[in-house]
1. Within the stretch 117-150, count every residue that is surrounded by fewer than 15 Cβ atoms within 10 Å (Cβ to Cβ) and of a type in the set (Lys, Arg).
2. What's the number of the only condition in (1) without any contact (Cβ under 8 Å) to a residue 60 or more places away in the chain; (2) more than 18 Å from Cys16 (Cβ to Cβ) that Lys81 fails to meet?
3. May I ask you to list the residues in the stretch 70-94 that are of a type in the set (Val, Ile, Thr) and either under 14 Å from Lys43 (Cβ atoms) or modelled with pLDDT of 95 or more (or both)?
4. So which pairs qualify, if the first residue must be in the stretch 1-28 and outside any strand (DSSP E or B), the second must be among the basic types (Lys, Arg) and crowded, with 17+ Cβ neighbours inside 10 Å, the Cβ gap must be under 7 Å, and the two must be at least 6 apart or on different chains?
5. Might you let me know whether the stretch 53-69 holds any residue that is outside any helix (DSSP H, G or I), under 25 Å from Thr162 (Cβ atoms) and not assigned by TED's automatic domain parsing to the domain that holds Thr162?
6. Say we look at the stretch 1-44 and pick out the residues that are out of contact with any helix residue (DSSP H, G or I) (no Cβ under 7 Å at 6 or more places or on another chain) and of a type in the set (Ser, Thr, Tyr); which of these is farthest from Asp76 (Cα to Cα)?
7. Right, Arg146: over 19 Å from Gln5 (Cβ atoms) and outside the structural domain of Asp36 (by TED's automatic domain parsing) or not?
8. At positive phi and at pLDDT below 90: which single residue out of Asp180, Asp97 fits that description?
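The values are calculated or read from the model by the stated rules, or taken from the named source; none is laboratory data. Everything quoted here is computed from the prediction, not taken from an experiment. All Cβ positions, glycine included, derive from the backbone under ideal geometry; neighbour counts span all protein chains shown.
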Amino acid sequence: MSPAQDKMYWRRWAACCRANDWRMVSGRLAPAARLDGSAAHCKVVAAARQLAYSEAVGLDADHLRHACHIVAIGRDKSHLKFTNKEFDALLDYWGDDRDIRGLLIDPDDLASAIHQQNPTLKTRERMVKFLRDDCIGSYVAGESGRLFGTKDWEALADDQLTRLYEHLRNRPNSRKRERDPENEPF
């Protein structure tokens, strides 16, 4: 996890805590804490209670945070060791500061539900962004045509797009160059 992702992790966790009133009051979870607002809440709270039970302590916000890891990626793991795919899965619950509000913040958010059901969407969006923003368009289209018989690379299936992404990511000549104003013609 990059430093920027770590900051986003804590920012989104704080947003999730604010939305659900998951705060500690006199060593206990606040009485107004939202624990059963949706199916996602019920899964997280059940996992958090299991964690608290295994430690023989009362439920606290840290149990809820780690329970979010369990529900999102299937096991508890330090967030610093998350892969991009695992972080994306967690952000389906906490929101991503852009299009996804998060199932624990807004249980009715359709974008969160769609991304949770289709975990490859974020990966595809990341690859398309790289190919569109960082690579030379004609180079991308040419390599797509050579490899897959179509220059319409955005219409490629996920596995083909992944192959194109990996292929071009390892080719420095595919990248757009920074413009040097001193060497530009008048």
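1. 4
2. Failing condition for Lys81: (1).
3. Listed by number, the residues that qualify are Ile70, Val71, Ile73.
4. What qualifies is Trp13/Arg65.
5. For the stretch 53-69, residues outside any helix (DSSP H, G or I), under 25 Å from Thr162 (Cβ atoms) and not assigned by TED's automatic domain parsing to the domain that holds Thr162: absent.
6. The selected residue is Ser26.
7. Considered against the rule, which asks whether it is over 19 Å from Gln5 (Cβ atoms) and outside the structural domain of Asp36 (by TED's automatic domain parsing), Arg146 comes out as yes.
8. Sole residue among the options that is at positive phi and at pLDDT below 90: Asp97.
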